[in-house]
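Notes to accompany the following structure.
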Amino acid sequence: MSAPSLIDSHCHLDFESFDSDRIEVMLRAKENDISDIVIPGTEKIYWDRIKNLCAKNTPELPRLHACYGLHPYWASEHSRLDIESLNEYISANRPIAIGECGLDFRVQQTDKKTQLYFFEAQLDIAAQNQLPVVIHSVRATETVIEILKKHKNLSGMIHSYSGSIEQAKQLIDLNFYISVGGSVTYDSAKKIKHVVKHIPLTSLLIETDAPDQPDQQHAGKRNEPAYLTNTLDMISQLTGEPRANIARQTTSNAKDLFKI
């Protein structure tokens, strides 16, 4: 019996760091049973790059799925007109989700007021178009929860989750999946390991966030989708669930959320 397929629920395969060997990266992903890769958007100037990449799907490689959005890390570089452009772009090129959007409250990032504007505007677009949301949240989980409580009838994922188990349960109640990446493989990652042990598999997604956030085995190197299996192995170790069960459930979760 073949191994269950996996979905990398968050991977920046369009980034320039993959330009020299993108096909080889995708072939390695396929060899590691990855059937689908979700590619989130970051800035308006890169939406076409994602669209064109996803248009090249072939049977021998993982299927690629586009999201379009405005990442909070670059909020100071976005124009408010980009919100109107996003609305128009997704009407012409329907993605599987809006994002990645959200909040990044690290000290060096853009002011919170600007981030909040772009985040809530994208939530409105997602609601109007009945699309899920891919959310980036760094040092902002409580604020994200409070905002989502005000925006009814949304669904989505919190990518590379870094909050507490109590916050995770609130997000699950708000119809959001908790997505886990390579950080869970680190010996020091006690907080996310605790979350993984105590949330239901029906609320879990797995991702790489490649080329960033490599697992412990590949620390300091470029991340890639093939390494998703290391995250899968750690989750199996933490939960006591067979890796095949986790693969089947997280793939089912991603298909349900993104309608793929």
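Of (1) touching a Ser or Thr at 6+ places or on another chain (Cβ under 6 Å); (2) closer than 19 Å to Pro211 by Cα, Tyr73 satisfies all except one. Which?
(1)
When you go through (1) over 26 Å from Thr231 (Cβ atoms); (2) assigned to a loop (DSSP other than H, G, I, E, B) one by one for Ile83, which number turns out not to apply?
With respect to (1) over 26 Å from Thr231 (Cβ atoms); (2) assigned to a loop (DSSP other than H, G, I, E, B), Ile83 is out only on (2).
Which residue out of Ile260, Ile235 is among the β-branched types (Val, Ile, Thr) and not in a loop (DSSP other than H, G, I, E, B)?
Residue meeting the stated conditions: Ile235.
What residue, among those in the range 1-55 that are at pLDDT below 95 and not hydrophobic (A, V, I, L, M, F, W, C), is surrounded by the most Cβ atoms within 10 Å (Cβ to Cβ)?
It comes out as Pro4.
Identify, please: which residue in the range 56-86 is among the aliphatic types (A, V, I, L, M) and under 19 Å from Gln122 (Cα atoms) and is, among those, surrounded by the most Cβ atoms within 10 Å (Cβ to Cβ)? Steps first, answer last, please.
From the range 56-86, those among the aliphatic types (A, V, I, L, M) are 61, 64, 66, 70, 75, 81, 83, 86; that's our starting set.
If we keep only those that are under 19 Å from Gln122 (Cα atoms) as well, we get 66, 70, 75, 81, 83, 86.
Details: Ala66: 23, Leu70: 29, Ala75: 22, Leu81: 9, Ile83: 18, Leu86: 24.
My answer is Leu70.
For the range 130-166, enumerate the residues that are assigned to a helix (DSSP H, G or I), touching a residue at least 24 places away in the same chain (Cβ under 8 Å) and loosely packed, with under 15 Cβ neighbours inside 10 Å.
Of everything in the range 130-166, those that are assigned to a helix (DSSP H, G or I), touching a residue at least 24 places away in the same chain (Cβ under 8 Å) and loosely packed, with under 15 Cβ neighbours inside 10 Å turn out to be Glu142, Lys149.
Does Ala29 satisfy the criteria of being in contact with a Pro (Cβ under 6 Å, 6 or more places away or on another chain) and aliphatic (A, V, I, L, M)?
So Ala29 passes the test.
Based on this model, can you work out whether Ala127 counts as in a helix (DSSP H, G or I), in contact with a helix residue (DSSP H, G or I) (Cβ under 9 Å, 6 or more places away or on another chain) and at pLDDT 95 or above?
Considered against the rule, which asks whether it is in a helix (DSSP H, G or I), in contact with a helix residue (DSSP H, G or I) (Cβ under 9 Å, 6 or more places away or on another chain) and at pLDDT 95 or above, Ala127 comes out as no.
Could you say which residue among Thr185, Thr208 is in contact with an Asp or Glu (Cβ under 6 Å, 6 or more places away or on another chain) and over 12 Å from Leu238 (Cα atoms)?
It is Thr208.
Scanning the range 181-202 for residues that are of a type outside the set (Lys, Arg) and surrounded by fewer than 18 Cβ atoms within 10 Å (Cβ to Cβ), which turns out nearest to Val133 (Cα to Cα)? Steps first, please.
To start, the set of residues in the range 181-202 that are of a type outside the set (Lys, Arg) comprises 181-189, 192, 194-196, 198-202.
If we keep only those that are surrounded by fewer than 18 Cβ atoms within 10 Å (Cβ to Cβ) too, we end up with 186-188, 194, 198, 200-202.
Numbers: Tyr186: 27, Asp187: 30, Ser188: 29, His194: 25, His198: 24, Pro200: 20, Leu201: 20, Thr202: 18 Å.
Going through the qualifying residues, I end up with Thr202.
The values are calculated or read from the model by the stated rules, or taken from the named source; none is laboratory data. Small disclaimer: the values here were computed from a predicted structure and weren't measured. Note: ideal-geometry Cβ built from the backbone for every residue, glycine included; neighbour counts use all protein chains shown.
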